[in-house]
Amino acid sequence: MSDSGPMAASHSEAVLSVARLSKTYPGTRALIDVDFDIRRGEVHALLGGNGSGKSTLIKVLAGVEEADSGGSISAGGRIHPAEHWSPKLAHAAGLRFVHQAPALFPALTVAENIALGHGFPMVMGRIDWGRLSARTSELLKRYHVAAAPQTPVGALRAADRTRVAIIRALQDQDDADTGVLVLDEPTAALPDKEVDGLLATLRRYADAGQAILYVTHRLDEVLRIADRVTVLRDGQRVATVDAAGLTGARLIELIVGRPLDRVYPETIAAPESEVALEITGLCGGPLRGVDLRVHRGEVLGIAGLLGSGRTELLRMLFGAYPVDAGSISLGGRRVSFRDPAAAMRAGVAYVPEDRQADATFGSMSVRQNLSAARVGDYFVKLRLRHRWERRDALASLRDFYIRAASDAQPLATVSGGNQQKVVLARWLRRDPQLLLLDEPTQGVDINARAEIYTLIRRASGAGMAVILVANDFEELARASDRVAVLRDGRITTVVGQPLDGHRLTELVNLARIAA
């Protein structure tokens, strides 16, 4: 593939170029002679796994990390030695940054949040609220945001909050085609239904001439919005390619350095084993009579649209959602869980969709998070045996591919993929009969995703039954032995291998039409 993107014919000028950009930390070369440019009017995706150098590159471009000597950064018509680049130079060159969690204040109005990035208009020592409102209205109109200046930011949809953060970053630009807008995981916290609108907004900005550097783990978004793609691996640029004609499989191969069929563990149709879980006529919430069997050693995927009852099904099985009718049998014995503690005692484990809210203790250490589900094992005569706890934590770092500076590192300071592996390891250390997984790879890079599915397949290979919920149907097809399609609270079909994402999409859509 060539290095010229589809927008290059009308917007070929590079507004930002880096050459031989390197960054060395003690014992680590985070960036090694990276070269790439961003052109006027393009969406340029920056991809790579954890540890690839993406975050370091963004920090260097922002001037908050000092690059090694020998490289250069060209922007605003000038070439600067990379080691002399600074936040002041970055701002003067038109680089504007919107991070994954933009620092907006929900209780303040849209106008007030925008003014915090530029300053309040003043008259005789007082804020000129009329001018502020008029200026905010003009910005909202220019950037096509349907909100009023006086609306509290907390009342906006998630996508509109992101748009307000973008306006705040770009408000001092006179023209749409000046500078570079750097977006770091802008859709990570957005509901799926709001992603499309934000992507359309960004595409409109680019078509007007704005250069956008788009950092994300979501490869489907890259294929939808990007003009060119730069991939980093182990601190080096391995490719800059046109997005036109790219496939998800090719992107994964560039990111991890191996083909897609070597990312997910091989799914082998095992002979039918004993039934681990049997559900009959399960009702409650959106579920309206679910019948399902899961065998020991099997990964059963659940495919369905939002609202189909996927998450509620898992929560019912974990005793965290009321069951109105039906029966659940685990290991041949009928069970009824009043709460998660009862489910845990029976050998059920649950990795929820929102790990930050429901599964992790960010201020606590990696070690404490690992032992949270079995802390009683380390108490002897009312004393916590820290040495035993640490011994098991260090073994878990090794056995579950967890990358942390030490077991004492606060969990919030490790990457999302490693946080998720900590949550998974916490449950697998209990050797459950049934493992319930709700979006286990959400917000993690492709390398961590491959490791997570290796751990899941290793657990099922030891006889554990696994139920897997995932929005990505290609992922679901590759990671599951069978897939049940859930529509409006009922199982409409159960299909086995061979499967692919397109076939699952067809089945889900057929179920929707039939309903």
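The values are calculated or read from the model by the stated rules, or taken from the named source; none is laboratory data. Keep in mind it's a predicted model, so treat the numbers as computed, not measured. Positions of Cβ are generated from backbone atoms using ideal geometry, with glycine treated the same way; all protein chains shown enter the neighbour counts. Heads up: the accessible areas ignore ligands, DNA and RNA and are worked out on the full protein's heavy atoms, side chains in. Shrake-Rupley method; radii C 1.70, N 1.55, O 1.52, S 1.80 Å.
At-a-glance table
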{"read-out": "Helix axis angle, 158-170 relative to the chain longest principal axis, alpha carbon, degrees", "value": "20 degrees"}
{"read-out": "Which of Ala103, His118, Leu89, positive extreme of dipole for region 43-198 (C-beta unit charges)", "value": "His118"}
{"read-out": "Rounded to the nearest 10 Å², the accessible area of Arg78 at probe 1.4 Å", "value": "150 Å²"}
{"read-out": "Per-residue SASA entry for Glu353, accessible area with 1.4 Å probe, Å² rounded to 10", "value": "70 Å²"}
{"read-out": "Simple spin-label estimate for His91 and Tyr321 in nanometres, 7 Å along Cα-Cβ", "value": "4.8 nm"}
{"read-out": "Charge dipole of the chain about the Cα centre (unit charges at C-beta), most positive-ward option of Leu382, Leu277, His144", "value": "Leu382"}
{"read-out": "Order of exposure, largest accessible area first, which applies to Ser365, Ser55, Ser137 with probe 1.4 Å", "value": "Ser55, Ser137, Ser365"}
{"read-out": "Area accessible to solvent at Arg288, 1.4 Å probe radius, in Å²", "value": "120 Å²"}
{"read-out": "Long-range HN-HN contacts of Val182 with modeled amide H, under 5 Å", "value": "Arg96, Phe97, Val98, Leu213"}
{"read-out": "Electrostatic dipole magnitude of region 282-408 [Cβ: Lys, Arg +1; Asp, Glu -1; Cα centre; debye, to 20]", "value": "600 debye"}
{"read-out": "Dipole moment magnitude, nearest 20 debye, region 294-341 about Cα centre, only Lys, Arg, Asp, Glu C-beta charged", "value": "160 debye"}
{"read-out": "Extension gain, Glu83 back to Arg391 (0.36 nm per residue minus Cα-Cα distance, nm)", "value": "106.6 nm"}
{"read-out": "5 angstrom amide H check on Gly235, placed H, neighbours 5+ away", "value": "Gly53"}
{"read-out": "Val335 long-range amide H proximity, modeled H, under 5 Å", "value": "Ile328, Ser329, Leu330"}
{"read-out": "For the chain, with +1 on Lys and Arg beta carbons and -1 on Asp and Glu, the positive-most of Gly417, Ser55, Gly319 along the dipole", "value": "Gly319"}
{"read-out": "Sites Ser55 and Arg333, calculated FRET efficiency, Cβ-Cβ separation with R0 56 Å, nearest 0.05", "value": "0.70"}
{"read-out": "Additional length obtainable on full extension of the chain from Asp500 to Asp192, 0.36 nm per residue less Cα span", "value": "108.7 nm"}
{"read-out": "Assigned charges on the beta-carbon of Lys, Arg, Asp, Glu; region 211-258 dipole about Cα centre (debye)", "value": "100 debye"}
{"read-out": "Separation in nanometres of the label points that stand 7 Å from Cα toward Cβ, at Phe120 and Asp291", "value": "6.6 nm"}
{"read-out": "Accessible-area ranking of Arg355, Arg403, largest first, probe 1.4 Å", "value": "Arg403, Arg355"}
{"read-out": "For region 427-432, 3J(HN,Hα) per residue [Karplus equation, 6.51 cos²θ - 1.76 cosθ + 1.60, θ = phi - 60°, Hz, x = Gly/Pro]", "value": "7, 5, 5, 8, 6, x"}
{"read-out": "Computed lengthening from Phe105 to Ser137, 0.36 nm per intervening residue step minus Cα-Cα distance", "value": "9.7 nm"}
{"read-out": "FRET efficiency, 1/(1 + (r/R0)^6) with R0 41 Å, evaluated for Gln356 and Asp172 via beta carbons", "value": "0.80"}
{"read-out": "Residue-averaged 222 nm ellipticity for the chain, from DSSP H runs of 4+ at -39500 (n - 2.57), nearest 500", "value": "-9500 deg cm²/dmol"}
{"read-out": "Simple label model, 7 Å out from Cα along Cβ direction - Ala155 to Ala200, nm", "value": "2.4 nm"}
{"read-out": "Formal net charge of residues neighbouring Thr311 (Cβ-Cβ distance under 15 Å; K, R +1; D, E -1)", "value": "-4"}
{"read-out": "Solvent exposure, largest accessible area first (probe 1.4 Å, DNA, RNA and ligands not counted), of Lys23, Lys59", "value": "Lys59, Lys23"}
{"read-out": "Charge tally in the Cβ shell below 15 Å around Tyr401, where Lys, Arg are +1 and Asp, Glu are -1, Tyr401 excluded", "value": "+4"}
{"read-out": "Residue-wise HN-Hα coupling along region 414-420, computed from phi with Karplus coefficients 6.51, -1.76, 1.60 (Hz; x: Gly, Pro)", "value": "9, 5, x, x, 6, 4, 5"}
